[in-house]
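The values are calculated or read from the model by the stated rules, or taken from the named source; none is laboratory data. These numbers come from a predicted model, not from an experiment. In this analysis, Cβ positions are derived from the backbone assuming ideal geometry, glycine residues included, and neighbour counts consider all displayed protein chains.
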Amino acid sequence: MGGHDTFAAQIARLGLHPRVEAELVIYGLEPVEGTRAGSVVDTAVAIDELAWWPQVPPHWIHLPDDVTLARTNSRPSLRPGWMMHSRQIADWGRDDPGVAWASHVRGVLGEART
Amino acid sequence: MTRRTSVAMTGPTRDVLCDLLLRSDGQEDLCLALYRPSTGRRRTTALIRHPVAPNDGDRLVHGNVTVTAEYILRGAEAAHAQQCGLVLLHSHPGGRGWQAMSGPDRDTEASYANLVREITGLPLVGMTLAGRDQSWSARHWDRGVGRHVAPTECTNVRVIDDRLTITWNDGVDPAPATNPRQTRTVTAWGDAAQADLVRRRVLVIGAGSVGLDVALRLAASGLVHITMMDFDLVEEHNLDRLVGATRRDVLLRRTKVHVARREAFRNATAAHPHIRITDLSICEPAGLLEALDHDVIFCCVDRPWPRAVLNGLAYSDLVPVIDGGIAIDTHADGTMRNATWRSHIVRPGRPCLICTRQLDMGQVALDIQGLLDDPDYVAGANRGDSVGQNVAPLSISVTAALLGQYVSFSVAPGGVGDPGPLQYVLSTHDLHHLDHTSTPGCLYEPACPEGDRRQDLTGDHWGAESARAKAAAVPWPARLCRMLDDLLTAMSAGRS
């Protein structure tokens, strides 16, 4: 079982419905605050970055172009019409990996301007 | 070259095994245990995970002890189910030190070696516990098949606890004779400790200001086998900290490990020191294999990826890692605010580097992807991280802190071993014992040793490959100058 399988299994347990497309694990997440609060936003992680999951967390958060973040260091995603955003997770390794990752991404989505 | 073999276990595992093997009536006893192999470049270590306790009737105690085939089969099946190998342990209650096998011991182990290897896919490991001083001896039944099956005697058996206790096989790795240059060292801790310390295979990762100093001081104290690992070249800006390196080393594009070996040789007191260097990175699979040949590792690097690899290795393969570092803070105007240096031993029974907040796995992801060296990324990220720095007057304090931890862990002065994580604050000159504990979600410290089944974090390391390519691209005039310089150094060493 590869790192991305473990990742998918862990976030599936949280009801995030992961699917693999174009070297990405895509899943939907509902932010609890910010402009996107209350609606499900598609987001993804590159399979390459999950090679060492759960020991090493991914760095880049992939989001559709229409999700804009106030301060970001971004690069084009593997998925057309998406960008990947640099976000370093803090205090990794202290909590359940799936829960910690979902909480991190929710926090990032809470910063979304649109 | 003969492959070396070894056995390692934690202190709590040792305690459980001693309870099973040392009887109050003074008779011999036996038990089984499961192990995982940890395969290095030249050494294979059996990492003991947990015992398979005997049931009534599994062995016959009659002064000596006899194992039943049913017990062996039960143990081998458990080993197979858990992807482990099997260890057959017995005690010599009146024994002291490394135990040779008696005829019946050899016959018993030989009679089950083929069967166990057939079921588990791994060699049977035999172990003997000497009751008088709790010394261990061991062998891997890894040679030949059928009637020709034979053991490879282990070099040592290591127990990792508050102190590192090693039983040495004098027949395979005899203690080198102490010489007059080591007299003062021996008076500090005695002949027995010296005979242990000098035989250990120690790996120093990072040949910067701290790593170089650690290596040469270990060499000065008489260690025979020291390996230094670093892929960096000596550069002009290293010279204010890399004591022993010269401008000539910069001009000749020497590697840091070359300089470290030269300085370690100059200071070595062993009659025949084996000081090896490698330009691998511990983040590469070959670097990890190299590390697994060692009894102790000094981590003298500050990058997150290598420290993450070592953090895992300390628990998965039971190779203790002596780690530490310095943080120098400055005010906005560039004047000095403070400096702190830490030291700790990463091992089962102590919190890992993540739990002590000495390693941020979020940064490891950046380091693996080469983003910490990517100018575009760094500019875009607007990172406020302080640049890792050290200065010669303080790097010696980090060296002292690491070596102090090592001496306590090895010799246990006054009966006190590993002191736990320490932090020294320069501004107030206070030494703090840090009260870190493992967090409930820790993936490392509570786990059984995995050995070759570890989830290791090694991979292609662009930085190491690039540095080696740079070192290999030295033009021939510089190569010629290097050869002459080496010759002069060798002649100078010969005169002294």
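Details
- The stretch A:72-86: number of residues that are within 16 Å of A:His104 (Cα to Cα) and without any contact (Cβ under 8 Å) to a residue 24 or more places away in the chain: 1
- Screening B:Pro440, B:Pro419, B:Pro393 for residues that are free of Cβ contacts under 8 Å to residues at least 60 places away in the same chain, surrounded by fewer than 18 Cβ atoms within 10 Å (Cβ to Cβ) and over 26 Å from B:Ile326 (Cα atoms) leaves exactly one candidate, B:Pro440.
- Among the residues listed as B:Ala113, B:Ala81, B:Ala130, the single one being over 27 Å from B:Gly11 (Cβ atoms) and at pLDDT 95 or above: B:Ala113
- Search result, residues across the stretch B:443-452 that are within 13 Å of another protein chain (Cβ to nearest Cβ) and either modelled with pLDDT of 90 or more or surrounded by 13 or more Cβ atoms within 10 Å (Cβ to Cβ) (or both): B:Leu443, B:Tyr444, B:Glu445, B:Ala447, B:Glu450
- Candidates in the stretch B:268-299 are the residues that are more than 16 Å from the chain's Cα centre (by Cα) and charged (D, E, K, R); of these, the one that is nearest to B:Ser466 (Cα to Cα) is B:Asp279.
- Between B:Ala130, B:Ala150, B:Ala138, the distinction of being touching a residue at least 60 places away in the same chain (Cβ under 8 Å), among the small types (Gly, Ala, Ser) and touching a Gly at 6+ places or on another chain (Cβ under 8 Å) belongs to B:Ala138 only.
- Residue that is farthest from B:Cys481 (Cα to Cα), among those in the stretch B:210-241 that are over 24 Å from the mean Cα position of the chain (by Cα) and not acidic (Asp, Glu): B:Arg241
- Residues located in the stretch B:401-413, provided they are of a type in the set (A, V, I, L, M) and assigned to a helix (DSSP H, G or I): B:Ala401, B:Leu402, B:Leu403, B:Val407, B:Val411
- Residue count for the stretch B:364-400, restricted to those that are in a loop (DSSP other than H, G, I, E, B), at pLDDT below 75 and among the small types (Gly, Ala, Ser): 3
- In the stretch B:247-264 there is no residue that is under 22 Å from the mean Cα position of the chain (by Cα), closer than 23 Å to B:Arg479 by Cα and part of a loop (DSSP other than H, G, I, E, B).
- Residue under evaluation B:Cys355, criteria (1) surrounded by fewer than 20 Cβ atoms within 10 Å (Cβ to Cβ); (2) touching a Ser or Thr at 6+ places or on another chain (Cβ under 9 Å); (3) over 18 Å from B:Ile297 (Cα atoms), criterion not met: (1)
- Failed condition for B:Ser221, given (1) more than 30 Å from B:Gly190 (Cα to Cα); (2) of a type in the set (Ser, Thr, Tyr); (3) touching a helix residue (DSSP H, G or I) at 6+ places or on another chain (Cβ under 8 Å): (1)
- Restricting the stretch A:47-68 to residues that are assigned to a strand (DSSP E or B) and either buried (at least 21 other Cβ atoms within 10 Å of the Cβ) or over 14 Å from the mean Cα position of the chain (by Cα) (or both), the residue that is nearest to the other protein chains (Cβ to nearest Cβ): A:Trp60
- Search result, residues across the stretch A:71-94 that are assigned to a loop (DSSP other than H, G, I, E, B) and within 13 Å of another protein chain (Cβ to nearest Cβ): A:Arg71, A:Thr72, A:Asn73, A:Arg87, A:Gln88, A:Ile89, A:Ala90, A:Asp91, A:Trp92, A:Gly93, A:Arg94
- Residue pairs meeting the criteria (Cβ under 7 Å; at least 6 apart or on separate chains; first in contact (Cβ under 8 Å) with a residue 60 or more places away in the chain, in the stretch A:26-38; second in a strand (DSSP E or B)): A:Leu29/A:Val41; A:Leu29/A:Thr43; A:Pro31/A:Val41; A:Gly34/A:Ala112; A:Thr35/A:Ala112; A:Arg36/A:Ala112
- Restricted to the stretch B:1-90, the set of strands (runs of 3 or more DSSP E) holding at least 2 residues that are over 18 Å from B:Pro104 (Cα atoms) comprises B:4-10, B:30-39, B:43-52.
- Residue within the stretch B:96-111 that is farther than 26 Å from B:Thr167 by Cβ and free of Cβ contacts under 8 Å to residues at least 12 places away in the same chain present: no
Here is a yes/no grid of residues against (1) more than 20 Å from B:Gly171 (Cα to Cα); (2) hydroxyl-bearing (Ser, Thr, Tyr):
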{"position": "B:Thr44", "(1), (2)": "no, yes"}
{"position": "B:Val67", "(1), (2)": "yes, no"}
{"position": "B:Ala76", "(1), (2)": "yes, no"}
{"position": "B:His80", "(1), (2)": "yes, no"}
{"position": "B:Asp105", "(1), (2)": "no, no"}
{"position": "B:Gly121", "(1), (2)": "yes, no"}
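- Subset tally (residues that are within 14 Å of A:His85 (Cβ to Cβ) and touching a Pro at 6+ places or on another chain (Cβ under 7 Å)) for the stretch A:47-72: 1
- All of B:Asp435, B:Asp456 fail the test of being surrounded by 12 or more Cβ atoms within 10 Å (Cβ to Cβ) and either closer than 29 Å to B:Gln405 by Cβ or away from chain A (no Cβ under 14 Å) (or both), apart from B:Asp456.
- B:Ser343 within 30 Å of B:Asn156 (Cβ to Cβ) and more than 15 Å from the chain's Cα centre (by Cα): yes
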